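The values are calculated or read from the model by the stated rules, or taken from the named source; none is laboratory data. Quick caveat: nothing in here was measured; it's all calculated off a predicted structure. Virtual Cβ from ideal backbone geometry, glycine too; neighbours counted across all protein chains shown. In case anyone asks, the SASA skips ligands and DNA or RNA and just uses the protein heavy atoms, side chains included. Shrake-Rupley method; radii C 1.70, N 1.55, O 1.52, S 1.80 Å.
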Amino acid sequence: MKRLLAIIGCAILLALVCIQLYSRFVDPDMQFFLRTAEESDGWAEQIHADEKPVYVLAGGSEARSGVDPQIMLDEFGIPLVNAAGGAGHGLQANAAAAFKYLKQGDTLVLSILSTEDVNVPPSANGVKINVYRQGLSVFDSGMIEPGLENAGKLLSSDVRAMFVLLTRYFGRSGRLYKYNEQTVIHPSGWMEIQYREMDKYKPVAPRESECLPFLANDSVFMQTLQRLRDLCQSRNIRFLVTIPVGCNHESLRPWHAMKALCITRLGIPVLKDERLGCLPVSTDFADTSAHLNPKAARENTRMLGNLIQNNTIWTETELVDILSSTGWNDDGTPITKQSQSSE
């Protein structure tokens, strides 16, 4: 009996070791993001050599593919590290990755694609990529907490991804991982997506809503932003937010205006990108509605560079006016004839 238990224990231990070896050295998703991060390391070393304050961009692949630090430096003199990962890694994990590059006097620019609470905590890959790159020092960021939950994520593995990889490999069905095959990672850390699948995509207007999604201060998302704000203040790091564009219908602009307003009311500056998350031109996108193609990414970089260089941020009044002009109160409720007459 003891021998059987020992065999079972050894088998479990071996399985855990194999899972970790797969995650660290085989998983195409992990290998891709580790490779992009290594390019950012080299770029960061280059621009930090001047000993000037730098900007560090955090977020998901919409930021990694949408902003080229080389253009920022060449055309605006802005030293920027693109530290973005994947949106699926979780907001907290992507913020933790950025802290690797931040020093006193620097600026964190956080790209916010989603405000859903479920997308805030670090995923298994979000924990792993940070621990692989920063070791135990990742817990100093204040974004990934030490504890059993994140330890479990570190030891877990995406069995489904392993199965899909094996099926594609042995069945020779399709690309093993599209980014590895049709994406170029530039020395600046910019992810250039060279393939296109969005040319015939048509942004669809959302269904009419009874109210806009108002972000409550006690939500996981808003609490995380408050924690980031306080961490940056304590370390003398400036904190900015940018709302990335997607191939979205123009009618979604009030939704993004509400998002910007709630964040602004936390005392966190939001860059004044008047597109407000909406770029309804499918030919400006590559493979998804969040990934700009190379030409549009360069234009997007120049727009962001202008906003940063001129410190152009939204004011609360401007955002309230946008909401009002589109039929909404600043609490997300629709403006009625009765509320208009009472004013």
From DSSP H assignment alone, runs of 4+ in the chain each adding -39500 (n - 2.57), the sum over residues rounded to the nearest 500 puts [θ] at 222 nm at -14500 deg cm²/dmol
Reach of Lys128 by Cα under 26 Å, taken over lysines that are not fewer than 8 positions away in the same chain: Lys100, Lys103, Lys153, Lys178
Grab the alpha carbons of the chain, take their convex hull, and tell me the volume per residue in Å³. 169 Å³
Heavy-atom accessible area per residue - the chain, 1.4 Å, Å²: 50 Å²
Taking every pair of alpha-carbon atoms in the range 1-122, what share in percent sits in each 10 Å bin, from 0 to the bin with the longest distance? 13, 35, 26, 14, 8, 4, 1, 0
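Please state the charge dipole magnitude for the range 64-163, taken about the Cα centre, from unit charges on C-beta atoms (+1 on K and R, -1 on D and E), reported in debye and rounded to the nearest 20.
320 debye
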Pairs of alpha carbons in the range 198-273 whose separation is greater than 17 Å (percent): 54 percent
Just to be sure I follow: if Rg is taken over the C-alpha atoms of the range 282-337 and Rh is the Kirkwood radius over the same atoms, what is Rg/Rh? 1.17
Under unit Cβ charges (Lys, Arg +1; Asp, Glu -1), what dipole magnitude, rounded to 20 debye, does the chain have relative to its Cα centre? 1200 debye
In whole Å, what are the extents of the range 193-343 along the principal axes defined by its C-alpha atoms, from largest to smallest? 52, 45, 30
Selection of GluC sites (Glu not before Pro), the range 1-56, meeting DSSP coil and at most 12 other Cβ within 10 Å: Glu51
